[in-house]
1. List, please: which pairs have Cβ atoms under 7 Å, are six or more places apart or on different chains, and start with a residue in the stretch 300-328 that is closer than 20 Å to residue 198 by Cβ and end with one that is assigned to a helix (DSSP H, G or I) and among the hydrophobic types (A, V, I, L, M, F, W, C)?
2. Let me confirm something: among 187, 145, 152, 180, which residue is farther than 26 Å from residue 332 by Cβ and in contact with a helix residue (DSSP H, G or I) (Cβ under 7 Å, 6 or more places away or on another chain)?
3. Quick one: in the stretch 210-229, which of the residues that are surrounded by 15 or more Cβ atoms within 10 Å (Cβ to Cβ) and not in a loop (DSSP other than H, G, I, E, B) is farthest from the chain's Cα centre (by Cα)?
4. Return only the number of the condition from (1) in contact with a Gly (Cβ under 8 Å, 6 or more places away or on another chain); (2) in contact (Cβ under 8 Å) with a residue 12 or more places away in the chain that residue 212 does not satisfy.
5. For residues that are in contact (Cβ under 8 Å) with a residue 40 or more places away in the chain and hydrophobic (A, V, I, L, M, F, W, C), tally how many sit in the stretch 238-271.
6. Picking from 131, 163, 118, 73, which residue would you name as being farther than 30 Å from residue 329 by Cα, open to solvent by 80 Å² or more (accessible area, probe 1.4 Å) and at pLDDT 80 or above?
7. Look at residue 266 and say whether it is on the phi > 0 side of the Ramachandran plot and within 28 Å of the chain's Cα centre (by Cα).
8. Among the residues of the stretch 317-336, write down those that are closer than 20 Å to residue 233 by Cα and open to solvent by 60 Å² or more (accessible area, probe 1.4 Å).
Amino acid sequence: MSDKSPKPQEPDTDVHDDPDEPAFEWMKPASSDATSAAGNSAPADAATKAQPASSASTGSQPAAPTGTQPESRAGRKAAEAAETEPEPPLFAGSSPAGKPTGGASHSEPLPTSALQVRPPEEEVARRNAEREQAAKVKPLAPRIFQVLLAIFFPIILLVLAVRAVASPLFLWIEYNRPGFPGDGYGFSTEDRMTYGSYAVDYLSNWAGPRYLGGLVHEDGNQLFKDSEVSHMADVKLVILSSFGAGLLLIILSFIAIMYLRKKSDGGVRRGLFAGSIVTLVIIIGLAVLAVLSWQQFFTEFHRIFFASGTWTFSLEDTLIRLFPGQFWVDAGIVIGALVFLAATVTFILTWPTRRRRGLGAKSADANEAADVEAEAADPTEESATTKR
């Protein structure tokens, strides 16, 4: 072969036509007939255009058949786009891209839209009103504890006042105060103090009736008669029952106070305030009845707690000599004064002032917020004030 002999020319291949085309048949992905036909249309045209030039240059190499032309990447992407279903639009009358296709300017939402389940304005207003009403309604338990505290308060004060009177200290004050009537049957102040202390101690201890029944006078006679001892036993039952009830109410009141301090702001104050009012009303009413007719008041009081005929004695009996009528008048005055004083102090300390109700702090906060808003609205005035 000489240098002048023609060299065989390679087929004219366009490397820029489909650079991502697989080199071998087995590397082609499987696809449907429609996708292959759509994807092979562009390569077939390119191969047809390249066939005459290749034949003319080589003269012996045939052109590749169009049916076996491998599909291109663009064809595969077109087929995948055709097979993918578009997402349904959110609003009727709009395209998937979000652009309206025509019709009214305000498209109607689909049934699946969140705007479709929004209640009407009337329903929203009604629900808001119900929520506000429910927020204003206070819980029932704090109110019950406030009422119980108001009921227990006068009873506790009365029991504590009775306990203060039923003591040797009050007995000593009575026997030694000026104007207290003496005993016309021979008891001196020391005798009264000794025998009266036995009677008062018996009311608060757990001793039996023999504690008083076994006492004898200097002459050897029994100091208290059997009827007197029986009456003192009845008085002891009433006193111990009242003391036990008072102790129970104190415990319950302490529980109510601890609960109200945690659950209700100002609940303790309101309960004690109401209790002080109830106490003042009761004690003033009893005081009026006692002043109008003390003898009738004393008689009715004994009829409530003791059987008829068990609490009347003669002037010679020891109980009358130790505890004359003036003693019970003074005891009633002291009990009423102690209860009235405690209720009045409680009433004053729990009076619902603006500060105790929390309105003073709220007003101060509101004024401070108003000042801040005024400064923010007019900064020039603040700067002028600063310069001054």
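The values are calculated or read from the model by the stated rules, or taken from the named source; none is laboratory data. Keep in mind it's a predicted model, so treat the numbers as computed, not measured. Positions of Cβ are generated from backbone atoms using ideal geometry, with glycine treated the same way; all protein chains shown enter the neighbour counts. Remember, those area values only see protein heavy atoms, side chains included, never the ligands or the DNA or RNA. Shrake-Rupley method; radii C 1.70, N 1.55, O 1.52, S 1.80 Å.
1. 313/319; 313/320; 322/199; 328/298
2. 145
3. Of everything passing the filter in the stretch 210-229, 222 is farthest from the chain's Cα centre (by Cα).
4. (1)
5. Residues flagged as in contact (Cβ under 8 Å) with a residue 40 or more places away in the chain and hydrophobic (A, V, I, L, M, F, W, C) within the stretch 238-271 amount to 11.
6. The conditions single out 131.
7. Yes, satisfied.
8. The one that is closer than 20 Å to residue 233 by Cα and open to solvent by 60 Å² or more (accessible area, probe 1.4 Å): 328.
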